[in-house]
Amino acid sequence: MESGSDKGTGGSSAMDDYETLISTTDADLLKRSWRNEKASPEILQFESSLVQRSREQIQLMEETVEEFMNNGEDPLTVSLYQMDIDRTMFLLRSYLRIRLQKIEKFMFHIQKTAELWTRLSRQEQKFAKRSIEDTKQHLDESVLSKLPDRYKSHLKQSVISEEDDMVMEPKLDAFVICRSRKFLGGLPVDDRKSARHVRGGYLCTSLQVDKTTS
Amino acid sequence: MYGRKAYQLVKEFTNSESGQLTGFNDDLFAQVIEDCKEHVLKLQSLLRKMQEEGSDNQTTKNADHFGALMHHLALVRNKRCLMAYVYNRAEVVQNLGWTIDLVLPLEIEEKLSISEKEYFKSHSKTLKSYMSDLDIDLAVDMVPPKDPYIKVRVLEEIGNVVLSDQSANLTRYAILFLRRTDAEQYISQGKMEELTG
């Protein structure tokens, strides 16, 4: 829910410029993607080039650290570099992990929703496909094969159901509390009222908001 | 009462501590499946009866129609309960895949059904194959790192190993400072514990 890279919003004060500047390093971008992924119930677009860049930078850093160690650089300096690598590694791992856990939880929903499916990376799609196969087989073997004919689907309660009413979906209309980082003006939240986004003001509203501010 | 047994099954799962599994209740599970079969027999016989009487399922709202509906709804409810039981257990099994290598400890394994054991294996493999595709180990680094080094106590004899920055003799009960990334694999295997404070 950071808004540092917002472009085109008028009134760019010195503070905003500063925020834009510090939030454009890849580490910050990764942190923001990680935070957004962690906070949102549905899976977001995979940041493939960011992940790629981060991994390259980590590798570069690791090489630097190794070089430092060989050159007998001050252990404190080395340890600081190492700590930085560890933190970035954690962000990266955690980011990938959260995504996989979401895929595990909502695999059937993601599979049948084309928009969500395209948000996955190639490897994630492979992971999802295999997970779906595994889970389907497990469900078939444990429950569905033992049920009467018209009740064997893992997506529908019975053949009478018109929609897939057995598929878990993320809850998108839950209320969240968020804080706007800068003045955004009035934003329509739902049909009836619009919320005032004042810098630092707290707001309790449904999740649609974080899409506009993230 | 219809659906009572299925309810007990789900209740049993929710009563267990979250993240923990109790033994797979084959007995109750089979009873619910029996319930389902009974429902479908009654449902079919009611539908046949209605057909013979020439009444249309859509328009006639007589006792038979609602009887059939009850059996259908009971079936659907039973199915949902069975699926909830198996699916929620499967989620716990999925989580095991993150922390445990391919071999399950005996005390967990005996609580799983045959299909669940298979599921654990195949899902762990899926997870492993994702990690090797990306060449990144996601099973370490579960908590945000504070310090690159942590204090650990060795719980099981491990012997001489080469770690990323040193080679260490990991004898039992030794207390050492290790790189967190090195120690984590041993901690997750239960061979080491982190000393805090």
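The values are calculated or read from the model by the stated rules, or taken from the named source; none is laboratory data. These numbers were taken from a predicted model, which means no experiment stands behind them. Don't worry about glycine lacking a Cβ; one is built from the backbone with ideal geometry, like all the others, and counts go over all protein chains shown. Heavy atoms of the whole protein, side chains included, go into the accessibility calculation; ligands, DNA and RNA do not. Shrake-Rupley method; radii C 1.70, N 1.55, O 1.52, S 1.80 Å.
Tabulated values for the structure
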read-out	value
Given A:K38/A:K129; A:K146/B:K191; A:K112/B:K111; B:K42/B:K111; B:K5/B:K125, the pairs whose alpha carbons are separated by over 31 Å	A:K146/B:K191; A:K112/B:K111; B:K42/B:K111; B:K5/B:K125
A:I160-B:F177 pseudo-label distance in nm [points 7 Å out on the Cα-to-Cβ vector]	7.0 nm
Theoretical FRET efficiency, 1/(1+(r/R0)^6), r = Cβ-Cβ of A:T64 and B:K125, R0 56 Å, to 0.05	0.95
Additional length obtainable on full extension of the chain from A:K112 to A:E56, 0.36 nm per residue less Cα span	16.8 nm
Carbon and sulfur %, accessible surface of the stretch B:1-41 computed with the full protein complex present, 1.4 Å	49 percent
Cβ neighbours within 10 Å from other chains - mean over A:92-101	4
Contour excess over end-to-end distance, with Cα ends at A:T77 and A:R119 and 0.36 nm allotted per residue	11.2 nm
Nitroxide proxy distance, nm - points 7 Å out along Cα→Cβ at B:L106 and B:Y2	4.6 nm
Residues of the stretch B:149-194: accessible area per residue with a 1.4 Å probe, Å²	57 Å²
Distance in nm between pseudo-label sites at B:M142 and A:R35 (7 Å out along the Cβ direction from Cα)	2.6 nm
